[in-house]
1. With an 8 Å Cα cut-off and a minimum separation of 6 or more residues, compute the relative contact order for the chain in percent.
2. Between residue 327 and residues 5 or more places away or on another chain, which pairs have amide H atoms under 5 Å apart, with H built 1.01 Å from N, and which residues are they?
3. Tell me which residues come under 5 Å, amide H to amide H, from residue 263 once H is placed; ignore anything under 5 positions away on its chain.
4. Given DSSP loops and a limit of at most 12 other Cβ atoms within 10 Å, what is the longest stretch of the chain that contains no such GluC sites (Glu not before Pro)?
5. Using a Gaussian network model of the chain whose springs link C-alpha atoms within less than 10 Å, name the residue from 280, 193, 141 with the highest mean-square fluctuation.
6. Return 149, 72 ranked ascending by Cβ neighbour count within 10 Å, so the fewest neighbours appear first.
7. Once phi is turned into ³J(HN,Hα) by the Karplus curve 6.51 cos²θ - 1.76 cosθ + 1.60 with θ = phi - 60°, what whole-Hz value does each residue of the range 255-271 show in order, with x for glycine and proline?
8. Determine the sum of side-chain charges near residue 290: Lys and Arg each +1, Asp and Glu each -1, restricted to other residues whose C-beta is under 11 angstrom from that of residue 290.
Amino acid sequence: MRGVSYLLAIPLCIGLSVANAEVLLTEDEIAQTLSHGPWPPDFGVDPSNKVSGNRDAIKLGEAFFADPILSKNREMSCQSCHDPATGFSDALPRAVGKKILDRNTPSLMNLRSHRWFGWAGGSDNIWAQSIAPILHEDEMGHDRDSLKKAISASSYKSAYDDLFGPIAQHESNEVLVNISKALAAYQETLVTGQTSFDRFRNALEAGDTEAASEYSASAQRGLQLFLGRGNCAFCHSGPAFTNGEFHDAGVPYFITETRVDEGRYGGLKALKQSPYTLAGEFSDDPDKSGAWAVNQVRFQHSDFGTFRVPGLRGALHSAPYMHNGSLSDLAAVVDHYDMINMERLHVDGEAILQPLGLSEREKEDLVTFLESLSDDGS
């Protein structure tokens, strides 16, 4: 029954005392909770990337990730913005390259759970997403020829040749793609571990009341709000706590008073113009099995100013939040949705969002739940 808390009934082993072990969730809430796992899933290898899962590629990608050789002026690396100490983000509201950029640096954790990449979804695969910052004039600033020259003259040449064949025989664009695929092989390994939420969820699935009761009452109440009145799970669904799509969360998309961030609308323009999609010649998948998404997606007016729903696993470590980094911590995120400005939302946008009117304890409970998605020791 919905709305009724009860003591979870399971067969008990003789001598096991669980008289005070209480699970607050209803049967329907338990069913919804089970849909957020198990974690981590078996992602397998990426068929579009011939070096996905290759140990040598992972090693080379990790080295590239930390080396400023991927920036033309040798002043920044991927790790400069995607710092492991801050959830592979940078703890800044907006990323800083050669100048302050337009968006917050997204975390690189759990990328294999995504279908679209970047805040606006300008790429449909991990390796293509790595290409953009390498070439962007305000970020790493290479062109294809300068990148090939830099790698050819570096200590990485031998490892590159072993993985992909002689770099001297490759066109500059192929070198760019291969380097990005090595980076992607490494980034695929960045997966958050199991958390107290997962232990709770798995205990529920196993019918283990005693283990499930170790999850705090506050976190359980927060989970109930997340699943119920808050309707957070509508967008933050599945094991990665994201539906992978694009929504208007009531965050302004003005970058300055005269300049706007087009969000998904601009991302679709980039996607449709890109030669590096799952439908393109650089995908190593002979069946082009992921091409259906980029081939079928269409522009819509409502895409303007919408942004990709981030996964919530590990979110505690990657503040600040939203595409523009405007919310400083999880409490600010809860406050934002609690008092959301309905006039700010698209007319044809997110009818599911309504001010919640949470009490202070309910806000604390919701934050406690969100924190339980990040307590894996990372």
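Nothing in this text is a laboratory measurement; each read-out follows from the coordinates by a stated rule. Since the model is a prediction, treat every value here as computed from it, not as a measurement. Note that we place each Cβ from the backbone using ideal geometry, even for glycine, and neighbour counts take in every protein chain shown.
1. Numbers: 661 pairs, mean separation 85.3, N = 378.
So the answer I get is 23 percent.
2. 321
3. Those qualifying (amide H under 5 Å, at least 5 residues apart or on another chain) are 305.
4. Values: sites that count: 75, 137, 171, 214, 257, 281.
Looking at the chain, 282-378 is the longest stretch - no exposed GluC sites (Glu not before Pro) with at most 12 other Cβ atoms within 10 Å.
5. Among 280, 193, 141, the largest GNM mean-square fluctuation belongs to 280.
6. Details: 149 14, 72 18.
Ordered by Cβ neighbours within 10 Å, fewest first: 149, 72.
7. Whole-Hz 3J(HN,Hα) from phi for the range 255-271: 7, 10, 5, 10, 9, 10, 9, 5, x, 4, 4, x, x, 5, 4, 5, 4.
8. In short, -2.
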